[in-house]
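Q: I'd like to ask some things about the structure below.
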């Protein structure tokens, strides 16, 4: 057995030498898996706790060159023929064993291929993207946008080495070749950091929607196979749902998703219905997999929310799963998406009406409202404009927002300041209940404003006609 320190050095050196040519690696996928898992300091089995993930992230986030090389290997532009040749070559084992520990790395890679019960190329891509995605979840987006982050990624170019369109094309190609959504792991978290430019690349890609529909269809077919040889497909719906969540959270308007899907609604409806049916049917899950009620509810809710955003003008066909049809017009789904959309994921966008510029576009950190500490602005002028906004003035909703944050923090048992950081661990009811109340209060406030405006208009008319009455202050009785 080679000592850990030497094995790590060997893994880094072998990985670098193997990917000297991104289109023709010098070693097989199994050997590369051994290199990657050694560098990531993976335990004997996949990590199950946040503590294990933190250890891996801290161990690897300083390996700047390695992480850049891993992302470049996945994201480099390739033709379909080049990608098929690459996957064929990676499956062949003719690796030089010149470094000390090379055999041990190869055996380690084979262990993980067997443990995952997946093809070697599928397992390799999972490990290449798993930890970089975890790093992006906790990265300081402002520092990355300014190019001043201390560790990886130092700038947006590390996440998108060949451009936004090239990243979307490359990752969607991988989903087709591997017939699984693992590349969407990275793309979803990259959306969280890169914001609007990457969202635009996803929603304007001429091929991405076709490949997403094909991926959903293949995943449904795989889940219905009597013999499921792979363990990973059971989590495929979760990966797809989380990716769609990131897309919806980054939407630039209420119609963005509808425009993106336009013309494909009737294809998506039955596929999403099938995905929901499989997700909620325990008979279609492998016996070895423990079903998580909260995770299942999240998948179903996100699929419904996605259908809700593109179906406003298209009637839903008959025979859909009850969770998708008939359409639910209540705002019960909206708060779940709005939580990340309004208060977490979009902290890097200006909330002033008509602005919505991202920090990637502005290039500097935004200032938060001094009261609620959640709503952000790119300038004092935008803050003033939002404070006096005629539709939803922040002057009126700021106090409601503070109440929601306080109620959410106490409801989850987390300190108020840590509530959003601990959102993933919060119970669904603890999140949706106070948020739904806040949304209703906000909508009620608008109705109140509209009613008061109408009454004042009526009073002015009656005054002109000689009938003078006092207009009560509606807010005092609300």
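Throughout, read-outs are computed from the coordinates displayed, never taken from laboratory work. The shown structure was predicted, so the numbers you read here are calculated from the model rather than taken from an experiment. Cβ atoms come from the backbone with ideal geometry, glycine included; neighbour counts cover every protein chain shown.
Q: Pulled fully out, how much extra length does the chain show between residue 114 and residue 214, if you take 0.36 nm times their separation in residues and subtract their Cα-Cα distance?
A: 33.3 nm
Q: Within the P(r) computed for the stretch 4-162, what percentage of the Cα pairs occupies the region above 25 Å?
A: 29
Q: Starting with the fewest neighbours, write out 16, 143 ranked by other beta-carbon atoms found within 10 Å of each beta-carbon.
A: 16, 143
Q: Highest mean first, how do 194-207, 238-251, 76-89 rank when packing is the count of other Cβ atoms within 10 Å averaged over residues?
A: The densest-packed peptide leads the list: 238-251, 194-207, 76-89.
Q: Right, here's the next one. Arrange the following residues from fewest to most other Cβ atoms within 10 Å of their Cβ: 189, 165.
A: Starting with the residue having the fewest Cβ neighbours, the order is 165, 189.
Q: For a footprinting-style exposure proxy, rank 15, 308, 366 by other Cβ within 10 Å, fewest first.
A: Going from least to most buried by this count: 308, 366, 15.
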